[in-house]
Ligand code: SF4
């Protein structure tokens with residue numbers, strides 16, 4: 001018997017591979033959603049999206065792509081709040097996923113960010129639960145961080161584009177200049 005359906009917000013192919021497998025194994029009808037206006041610059045966004053499309057084809061899951069590139073929305077939230085930018089970034093992406101899940105008739109939503117050691121895990125859980133409560137749609141939580149190596153095992157032989165920084169221009173600066181925005 002199916003456990004229900006879940007719409008998985010996907011941040012990149014390498015975090016998504018095992019995340020999709022996990023929710024499928026739990027018995028959910030699982031689809032992926034691409035909405036990441038936090039990835040800069042535009043061609044970096046396109047490279048990661050192409051990798052995701054390729055993964056979806058290989059693993060055979062449905063990938064829903066939100067058209068457009070809401071970079072202005074992203075910066076309107078973040079400018080002036082740079083030290084807390086991840087909070088606004090998570091909220092923007094998870095809210096879109098929850099609203100899309102409701103519109104398309106999914107029971108629940110979640111995110112591939114929960115598999116990453118690089119992300120603020122507790123904050124993601126808090127924001128996911130808050131949106132779930134406000135919008136009246138379930139948020140599926142699992143601590144998948146120990147399974148990131150399984151995700152990489154899946155994508156390793158696929159030769160997919162792999163990013164070197166989280167996504168935003170701030171994270172790119174931190175990565176390459178070895179600085180920390182405080
Ligand atoms: S560091 Fe990553 S999670 Fe934080 S705001 Fe930038 S892209 Fe978003």
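The values are calculated or read from the model by the stated rules, or taken from the named source; none is laboratory data. Every value quoted in this text rests on a predicted model; they were computed, and no experiment measured them. Virtual Cβ from ideal backbone geometry, glycine too; neighbours counted across all protein chains shown.
A few comments on the model shown:
- Filtered by the rule that a residue be more than 16 Å from the ligand (Cβ to nearest atom), more than 16 Å from residue 16 (Cβ to Cβ) and under 18 Å from the mean Cα position of the chain (by Cα), the range 132-182 gives 132, 137, 138, 139, 141, 143, 146.
- Search result, residues across the range 5-64 that are surrounded by fewer than 17 Cβ atoms within 10 Å (Cβ to Cβ) and either modelled with pLDDT under 95 or part of a loop (DSSP other than H, G, I, E, B) (or both): 26, 27, 41, 60
Here is a yes/no grid of residues against (1) within 16 Å of the ligand (Cβ to nearest atom); (2) touching a strand residue (DSSP E or B) at 6+ places or on another chain (Cβ under 6 Å):
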| residue | (1), (2) |
| --- | --- |
| 50 | no, no |
| 74 | yes, no |
| 78 | yes, no |
| 102 | no, no |
| 111 | yes, yes |
| 119 | yes, no |
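- Take the conditions (1) surrounded by 12 or more Cβ atoms within 10 Å (Cβ to Cβ); (2) over 25 Å from residue 58 (Cα atoms); (3) in contact with a helix residue (DSSP H, G or I) (Cβ under 8 Å, 6 or more places away or on another chain); residue 145 misses just one of them, which is (2).
- For the range 102-115, the set of residues classified as assigned to a helix (DSSP H, G or I) and either within 13 Å of residue 62 (Cβ to Cβ) or modelled with pLDDT under 95 (or both) consists of 104 only.
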